[in-house]
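The block underneath contains the structure these notes are about, expressed in structure tokens.
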Amino acid sequence: MTDFSSTNNEFDLSEDLLSAYIDGELGPADRNLVESHLAESAQWRVVLDEITNVRSALRSLPERDAPSEFWERLAAVTDTEAAVIDIDKYRRRNRRRNRWMTAIGGAAVAAVLVIGIVVIPKTDKAQPPIGVFSNRHAVQAVNGGAPIVDLVSVATRNRFSR
Amino acid sequence: MRGIGRVVVGVGALLAIAAIPTTLTVTSVSAADDPAALITASRHASGNLDAEVEIRWRPGKSVKSAQVHVRADNGSFWVGDGEWTAGGDGRSLWVSKDGVITRWTAENEVTRPDPDAQWDLVMAGKQMSPMGSVIDLIDARDNKGRRRVRLGIDQASGLEVSREVYSLTGDLVHSVRLIPAATDSVVTSPPPSAPDGKSDSGSVPDTADDFLSPNNLDRGFKLLARYEFPNNIRQSFYSDGIFTLSIFEQSASIDWDALPASGRAVNIGNANGRWYVTASGSVVVWADGDHGFTSISDAPPDVVVAAVRPMRPRSLSETEKIVDFVTGPFGWN
């Protein structure tokens, strides 16, 4: 490549600046400085020629349409990037939704348990008062029955003990 | 000839003596041709009786017994002479236990099915009571000819004074019978008067729709009356003509741990239960959902179980289904 080490310049000419000069992007002052350097330096004039030739060669190439798969690939890449972005958003959104669902589900389970424990009475268990029941049955049996035989058990202790 | 004449007179006297009990027997059999009528008459008897009875029951392999003094006087009766006594006149009854007195008053006499509606009744002979009176024995047999109960009707008082209940295999499981009274046990004091005390509830209309027990049970038991008591306890009273049976409903399941473990397992519909033989007769306890049922009857245990078995498990309410769904997996019910 071009060796600038021996060049004595205070302007620090560069290829980017030279490209801007070729493209007409420099102001008058900078353009004068570049032209001063090119006038004094044969090396930079060579560089200027190389850049100009390359650009001319590129511009001389025929224009071709890009193959169709190129655009599909490009679209796919674009979609993938978009999809990646959507998935991330989707995941974040899902995380938030899952947190809500978990919270709601937990609250629902807790509510059901509270209802089961507190609000809805649990199934009570009771010991049947067999002695009381026996008396009541005996009394009813006496009505129109056999008073002596039906009632005698009422006066019996320890009729139904554990 | 004088010797022959004495022999003829002697033989004639013996024949005459022999003819007396024969005549009595014929007369008695004639009066008791209809055992059903004899049983029905005993339920309205108003004769006098002062006796000691023994009650025996077989809760398992062992046999338990108790003795109770009984008295009857012109339609009124009393049992017991200690701290546990009971008495009345059929419709007005009282029970006194350890100072707690409860009175019942029946509005009407319940009409039972005929004694022979479900059972084959046969006269089974006679026996002498400890007081010297004659007791007519009546057997109630099932459709296979098995004796399931023997009733004893005292000819003197007209009262039923004995009852022997037999199991399906013919074992005596429960009995009430007169026994000789000890000299010092004869009560000479006037009969106890009906004391004042709290009253139990009366009957409720048969149309009450919150009873779970049906109008008819198996084995010919017909509903005679329903009663409601505090704590949501309901009683349905049945009879098949010979035996009586009550079903008590509770709005709570059964605390099996609080019951004697001696009971035998039994299946009532789809519900599991236990049955016991007690001084009061056959007791069957079972649970259906959050309701407990207790049956008390003087019938043999197998008859009671067969009678209540058609009580299918009722359908649960929506609330009960929710409770069952929520608490079921945790063993809360």
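The values are calculated or read from the model by the stated rules, or taken from the named source; none is laboratory data. In this text, all values refer to a predicted model and were calculated from it rather than measured experimentally. Don't worry about glycine lacking a Cβ; one is built from the backbone with ideal geometry, like all the others, and counts go over all protein chains shown.
Some notes on this structure:
- Among (1) surrounded by 19 or more Cβ atoms within 10 Å (Cβ to Cβ); (2) out of contact with any Gly (no Cβ under 8 Å at 6 or more places or on another chain); (3) within 13 Å of chain A (Cβ to nearest Cβ); (4) modelled with pLDDT under 95, the one test that B:V173 misses: (3)
- Once segment B:49-64 is narrowed to residues that are surrounded by fewer than 16 Cβ atoms within 10 Å (Cβ to Cβ) and over 29 Å from B:D120 (Cα atoms), the residue that is nearest to the other protein chains (Cβ to nearest Cβ) is B:S62.
- Residues satisfying the stated conditions in segment B:254-297, i.e. within 10 Å of chain A (Cβ to nearest Cβ) and hydroxyl-bearing (S, T, Y): B:S262, B:Y276, B:T278, B:S280, B:T294, B:S295, B:S297
- Only a single criterion out of (1) assigned to a strand (DSSP E or B); (2) within 14 Å of chain A (Cβ to nearest Cβ) is not satisfied by B:A156, namely (1).
- If the condition is being free of Cβ contacts under 8 Å to residues at least 12 places away in the same chain and among the hydroxyl-bearing types (S, T, Y), then segment A:122-145 contributes only A:T123.
- Residue check for B:P59: more than 23 Å from B:D34 (Cβ to Cβ), touching a residue at least 40 places away in the same chain (Cβ under 8 Å), of a type outside the set (D, E, K, R) and in a loop (DSSP other than H, G, I, E, B): yes
- For B:P130, the criteria (1) touching a residue at least 24 places away in the same chain (Cβ under 8 Å); (2) assigned to a strand (DSSP E or B); (3) over 27 Å from B:Y238 (Cβ atoms) hold in every case but one, which is (2).
- Residues that are surrounded by fewer than 22 Cβ atoms within 10 Å (Cβ to Cβ) and either modelled with pLDDT under 80 or more than 10 Å from every other protein chain (Cβ to nearest Cβ) (or both), drawn from segment B:105-120: B:T105, B:A106, B:E107, B:N108, B:E109, B:V110, B:P113, B:D114, B:D116, B:A117, B:Q118, B:D120
- Single residue of segment B:194-251 satisfying the filter (at pLDDT 85 or above and charged (D, E, K, R)) that is surrounded by the most Cβ atoms within 10 Å (Cβ to Cβ): B:D240
- Every residue from segment B:127-137 that is surrounded by fewer than 18 Cβ atoms within 10 Å (Cβ to Cβ) and either within 9 Å of another protein chain (Cβ to nearest Cβ) or not β-branched (V, I, T) (or both): B:Q127, B:M128, B:P130, B:M131, B:G132, B:S133
- Residues (of a type in the set (K, R) and free of Cβ contacts under 8 Å to residues at least 40 places away in the same chain) located in segment B:63-114: B:R91, B:K97
- From B:V303, B:V283, B:V277, residue being buried (at least 21 other Cβ atoms within 10 Å of the Cβ), in contact (Cβ under 8 Å) with a residue 12 or more places away in the chain and farther than 22 Å from A:A126 by Cα: B:V303
- Filtered residue count, segment B:279-309, keeping only those that are outside any strand (DSSP E or B) and on the phi > 0 side of the Ramachandran plot: 1
- For B:A279, the conditions (1) over 30 Å from A:I148 (Cβ atoms); (2) under 17 Å from the mean Cα position of the chain (by Cα); (3) aliphatic (A, V, I, L, M) all hold with the exception of (1).
- Taking every residue in segment B:38-56 that is more than 20 Å from B:V165 (Cβ to Cβ) and pairing it with any residue that is of a type in the set (D, E, K, R) and crowded, with 17+ Cβ neighbours inside 10 Å, at least 6 positions away or on another chain, the pairs with Cβ-Cβ distances below 6 Å are B:D50/B:R71.
- Residues located in segment B:103-124, provided they are polar (S, T, N, Q) and either under 17 Å from the mean Cα position of the chain (by Cα) or at positive phi (or both): B:T111, B:Q118
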